[in-house]
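*Asks:* Let me give you the structure first, and then I'll get to my questions.
The values are calculated or read from the model by the stated rules, or taken from the named source; none is laboratory data. Small disclaimer: the values here were computed from a predicted structure and weren't measured. When we count neighbours, we look across all protein chains shown, and the Cβ atoms used for this are built from the backbone with ideal geometry, even at glycine. Areas reflect the complete protein model, heavy atoms only, side chains present, ligands, DNA and RNA absent. Shrake-Rupley method; radii C 1.70, N 1.55, O 1.52, S 1.80 Å.
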Number of protein chains: 2
Amino acid sequence: MTRSGVNIKFVIHHFGAILLLEGIFMILDDLISLYYDPLHVTILLSSTVVTLGAGGFFFLSTKNATQSYSDRETFLIVTGGWVLISLFGTLPYLFTGYIPSFTDAFFETMSGFTTTGASILNNIEGLSKGVLFWRSETHWIGGIGIIVIFITIFNFISNNNVHQLFSSEFSNVTGQKLFPKVIQVTKVLLIIYVSFTVLETYLLMQGGMNFFDSVCHSFGTIATGGFSTKNNSIEGFSPYIQYVIMFFMMLSGANFNLYIALFSKRKNIFKDEELRLYLFFIFLIGSIITLILFFKMHYDFEYSFRTAFFQVISIITATGFTSTDYLQWPEYAWILLIFLMFIGASSSSTGGGIKVIRVLIAGKYIKNLFKKASHPNLVSVIKYNGKPIPSQVIRRVLAFIVLYLLIAIGSAFLLMVDHVSATTSFGSVLTCMGGVGPGLELTGPASNFHALPDFSKWVLAFDMLVGRLEIFSVLVIFVPDFWRS
Amino acid sequence: MTRSGVNIKFVIHHFGAILLLEGIFMILDDLISLYYDPLHVTILLSSTVVTLGAGGFFFLSTKNATQSYSDRETFLIVTGGWVLISLFGTLPYLFTGYIPSFTDAFFETMSGFTTTGASILNNIEGLSKGVLFWRSETHWIGGIGIIVIFITIFNFISNNNVHQLFSSEFSNVTGQKLFPKVIQVTKVLLIIYVSFTVLETYLLMQGGMNFFDSVCHSFGTIATGGFSTKNNSIEGFSPYIQYVIMFFMMLSGANFNLYIALFSKRKNIFKDEELRLYLFFIFLIGSIITLILFFKMHYDFEYSFRTAFFQVISIITATGFTSTDYLQWPEYAWILLIFLMFIGASSSSTGGGIKVIRVLIAGKYIKNLFKKASHPNLVSVIKYNGKPIPSQVIRRVLAFIVLYLLIAIGSAFLLMVDHVSATTSFGSVLTCMGGVGPGLELTGPASNFHALPDFSKWVLAFDMLVGRLEIFSVLVIFVPDFWRS
């Protein structure tokens, strides 16, 4: 315990456990390397050893930590944990020399773990298989949330506090205690996550993709990440493969709790208001862009449909795979994609953005305000899925949106100070906060984040983390009150 | 009464009265014309006659209207009234042929009445004195709010409903019943408004500006409008004149109720939290830009100070006079001005934007959220000027900000569909919603809105109205529920 009342030893103990877990995952890419390019394996093995060593040291040196902790310790474990795995996650890039700059390596790793998918690599296909696999693995680990895996395997944080941890990584907007047994549910989530990954890998292989690429793309899809093993992302693959990826992106952008409800209680999940709005956005914007491509760009209909919906699904789910350079479309078509970057995917999914449920709640509240303005005596309760929404939930949702936009504007300002153009700045910030991947202009689908100055890359890495952990868990640590007892 | 339950006759009766009042104001520019360019007077007189005639017809043909009305009628009177005076206000431009296009004339008039100050005129100095005076007059009328003048002179809307009208034009964010006698207060407001105008005119004349220009610039300042009689706005005037205008812009961007408190109760107004934050924003951003101009642009210090603070005050108060082309500054300097366009002036001022008080309340609430996150047992009440803020006020404030941003994004999208570039679109929308005047790129200080396509001009005219009437009064009319009884 320090003077501030934060149990630092307890926090460091958990940092140790997180790093140990990361090291275990690193063994996978050592094995891949052993199979595909054995000459590389010792270099990769050394990052594994360093990570396991650091984790073991933290873990063992603090094993006498007292078990007293509050929300503050959990905030520190989550946010600090994400920074820490990103720091150690740079080692495979740095040791192999594929990414010599520490800033670039940190950007790439944070982009991986936060499932953003924004890259600084000019030649992805030049990487060795082991490193490529690690790159895709960061998505897969970050998608489910290292904490969730952690809970499932170690089982050693009390049920009570798990709730706080869980909410930080798996947005639970309405704040209802969904699960009497969080640990139980977490295990089911992990099973669904793994099943989707296996199923997509199988279907991609059916389309002629090799095993290695299939696994990597499945990792990128199910985590809504977006790192591909190819320089031009999904553009070179067959229509069948594009449709498979579209389908699994859509699945991964929906609320995972719905799948639990579907399998365990045989609920009709299509009555869920968030799911309906999520599908509606995809249908609406997808259709508009299909028509634009068909009538304005004169593509054939199937291609227009596939390309429009691929980009729409990829961006609303915050995946960020691309099957075309959307900046070649008319400006008013790609600005619709920017709108989708704001909205983002469903709550309790691995996607980013403001999240459909918040858009829904804010929209209902505003609609109600207007109703009341013209009919002041009207008594109307704002409901979500049939249940009244508590008033503090509405306020928190609105505050979240305001804060989200403020951070976006503030970050774009910092990029501009760093001599990045206005369009590139806003595009990059929105895509990183939303966890999408490709941005506009200099950071569009046809290029990458390599050319940005270092300071801007750090700002964007921070934006990725803020977006992934839904703002509060990160910013709260910077509020002086946090450190007062 | 119609089937919808809206008392249309009552609404039209008030439209008549509003037009009659506009016609009376038009007589002023007929007199100016008679003095400066007598050949023009018959043309201007004909617009006056048409306006008075239409007003008289509406007023007299509905004088048997029942006096039963609710908030819905007042929304229609306010919003419809603003559209109507803008329609008839185009006549001096159209009849004289200075602005041959109806779209352009409507844009210019709406820009005048909403005190935006965005212009489509390439050669302002080519206008006759009578028309120039009408242009500045639209600012002055729109600044105090035609309804406020209306109440003062006609005295014939019941005290109860005046409150609703008053709130639409003079933002009253916290919703407290400030005034036991609204009509009384309105009269005092009008006296302050006139006094400031007279005082500024006098001080400008002391600096060598002629009477005509002094009156027009005072109209533009006190109303936080921004129409100048010169092509290059305030740039050509002496430092003394620039300082005088800066001072009165600052006065006009503060909450006018503070002046009442100062004069009537001898209150220490510097304890007012909104005023403090408003002055803080000016001081902070003004200082930063002063340093940028001094160190990066190598201007002398007095010029850096004056130019930085002139632009900052002009934009936060939503006036829009310019003393330099700020687009020549580094990008990160003018992006700070964009930030000020969002924030806007104080509540119960004639300025635009989101308003300082909303920024303050949203900020306090968010700060509180963070405090509670790390200290869940903390009981803290959010206060404004020592009084707790009701929770529905916080929600409304947050919803307002969200809606404001959504309308901005939506409008910019429409401009882009109309083939306007992204930067010009966002700059134009923000400056029009905020009631500022100059935007970015094509609509920056060195140019004007003339080159935009017609459809975009209509979107921007709508944005000006939405910004001036603080969203709700305008949008509520488009909600189908409004027309249901």
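*Asks:* Which lysines does residue B:267 reach when only Cα atoms under 26 Å apart count, and residues fewer than 8 places away in its own chain are ignored?
*Replies:* B:177, B:181, B:187, B:355, B:364, B:383, B:387
*Asks:* Taking the range B:1-136 as the region of interest, what is the percent of Cα-Cα pairs per 5 angstrom bin, listed from the shortest bin to the one with the maximum distance?
*Replies:* Histogram of Cα-Cα distances, whole percents per bin: 2, 11, 18, 20, 17, 12, 9, 6, 3, 1, 0.
*Asks:* Further, regarding this structure: So for the protein assembly as shown, taking the charge dipole from beta-carbon charges (+1 Lys/Arg, -1 Asp/Glu), which of A:407, B:465, B:483 sits furthest toward the positive end?
*Replies:* Most positive-ward Cα: B:483.
*Asks:* While we're here: Of A:470, B:125, which has the most accessible area with a 1.4 Å probe, and how do the rest follow in descending order?
*Replies:* B:125, A:470
*Asks:* While we're on this one: Which percent of the accessible heavy-atom area of the protein assembly as shown goes to carbon and sulfur, probe 1.4 angstrom?
*Replies:* Exposed carbon and sulfur together represent 66 percent of the surface.
*Asks:* Moving on. On the full set of protein chains, 1.4 Å probe, figure out the accessible area of residue B:421 and give it in Å² to the nearest 10.
*Replies:* Its accessible surface works out to 50 Å², give or take rounding.
*Asks:* Starting from the residue with the highest accessible area, list A:462, B:310 in decreasing order, probe 1.4 Å.
*Replies:* Result, largest first: A:462, B:310.
*Asks:* Work from the charge dipole of chain B (Cβ charges, +1 for Lys and Arg, -1 for Asp and Glu, about the Cα centre) and give the residue of B:95, B:247, B:297 farthest towards its positive end.
*Replies:* My answer, from the dipole projection, is B:247.
*Asks:* How big is D for the range B:269-344, in µm² s⁻¹ as a whole number, if Stokes-Einstein is applied with the Kirkwood radius of its Cα pairs at 4 °C and 1.567 mPa s?
*Replies:* 104
*Asks:* Here's a follow-up. Send over the semi-axes of the protein assembly as shown's equivalent ellipsoid, whole angstrom and largest first, taken as the square roots of 5 times the C-alpha gyration tensor eigenvalues.
*Replies:* Gyration-tensor ellipsoid for the protein assembly as shown: 55, 29, 28 Å.
*Asks:* So, one more: Treating the beta-carbon of each Lys and Arg as +1 and of each Asp and Glu as -1, no other charges, what is the dipole magnitude of chain A about its Cα centre, to the nearest 20 debye?
*Replies:* Dipole size: approximately 2280 debye.
*Asks:* If we count every other residue with Cβ under 13 angstrom of residue B:460's Cβ, Lys/Arg +1 and Asp/Glu -1, where does the sum land?
*Replies:* -3
*Asks:* Still on this structure, please answer the following. Averaged over peptide B:399-406, how many Cβ atoms belonging to another chain are found within 10 Å of each residue's Cβ?
*Replies:* Mean number of neighbouring Cβ atoms from other chains: 6.
*Asks:* Which whole-number value in Å² is the accessible area per residue of the protein assembly as shown, probe 1.4 Å?
*Replies:* Value returned for the protein assembly as shown: 37 Å² of accessible area per residue.
*Asks:* What does the charge count around residue A:347 come to, taking other residues whose C-beta lies under 11 Å from its C-beta (Lys +1, Arg +1, Asp -1, Glu -1)?
*Replies:* Net of charged neighbours comes to -1.
*Asks:* Can you give me the Cα centroid spacing of the range A:389-449 and the range B:50-119 in angstrom?
*Replies:* Using only Cα atoms to place each centre, the spacing works out to 40 Å.
*Asks:* Above 15 angstrom, tally the Cα pairs of the range B:351-427 and express them as a % of all pairs, no decimals.
*Replies:* Summing the P(r) of the range B:351-427 above 15 Å gives 66 percent of all pairs.
*Asks:* Next up: Reachable aspartates and glutamates from residue A:296, Cα under 20 Å, same-chain residues fewer than 8 places away excluded?
*Replies:* Partners within reach: A:325, A:331, B:418.
*Asks:* For residue A:384, enumerate residues with amide H under 5 Å from its amide H, sequence gap 5+ or separate chain, H modeled in the peptide plane.
*Replies:* A:389
*Asks:* ³J(HN,Hα) across the range B:245-258 via Karplus (A = 6.51, B = -1.76, C = 1.60, θ = phi - 60°), whole Hz, x for Gly/Pro?
*Replies:* Whole-Hz 3J(HN,Hα) from phi for the range B:245-258: 5, 4, 4, 6, 4, 4, 4, 6, x, 8, 5, 5, 5, 5.
*Asks:* Tally Lys and Arg at +1 and Asp and Glu at -1 over the other residues with C-beta under 12 Å from the C-beta of residue B:94: what net charge comes out?
*Replies:* Residues near residue B:94 contribute -2 overall.
*Asks:* What are the ³J(HN,Hα) couplings of the range B:128-145, residue after residue, when phi is run through the Karplus curve with 6.51, -1.76, 1.60 and θ = phi - 60°? Round to Hz, x for glycine and proline.
*Replies:* So the J values, rounded to whole Hz, are 6, 4, x, 6, 4, 5, 4, 4, 6, 4, 4, 4, 5, 5, x, x, 6, x.
*Asks:* Please check the range B:336-385 for residues whose accessible area, probe 1.4 Å, is lower by 50 Å² or more when all protein chains are in place than in their chain alone.
*Replies:* SASA drop of 50 Å² or more in the range B:336-385: B:365, B:366, B:369, B:370, B:373, B:374, B:375.
*Asks:* Shape of chain B from its Cα gyration tensor (a ≥ b ≥ c, root eigenvalues): rounded if a/c is under 1.5, otherwise prolate when a/b > b/c, or oblate?
*Replies:* Rounded, because the longest to shortest axis ratio a/c is under 1.5.
*Asks:* Run the numbers on the range A:454-482: which residues show a drop of 40 Å² or more in accessible area, chain on its own versus all protein chains together, using a 1.4 Å probe over heavy atoms?
*Replies:* A:472, A:476, A:481
*Asks:* Quick one: how many Å² of residue B:83 are accessible to a 1.4 Å probe, rounded to 10?
*Replies:* 50
*Asks:* Let me check something: with ligands and nucleic acids excluded, how do B:110, B:205 order by accessible area (1.4 Å probe), largest to smallest?
*Replies:* Ranked list, largest accessible area first: B:205, B:110.
*Asks:* Return the value, in Å² to the nearest 100, of accessible area buried between chains A and B (probe 1.4 Å, both sides summed).
*Replies:* 4100
*Asks:* At 1.4 Å probe size, what's the solvent-accessible area of residue B:101? Round to the nearest 10 Å².
*Replies:* Number for this one is 40 Å².
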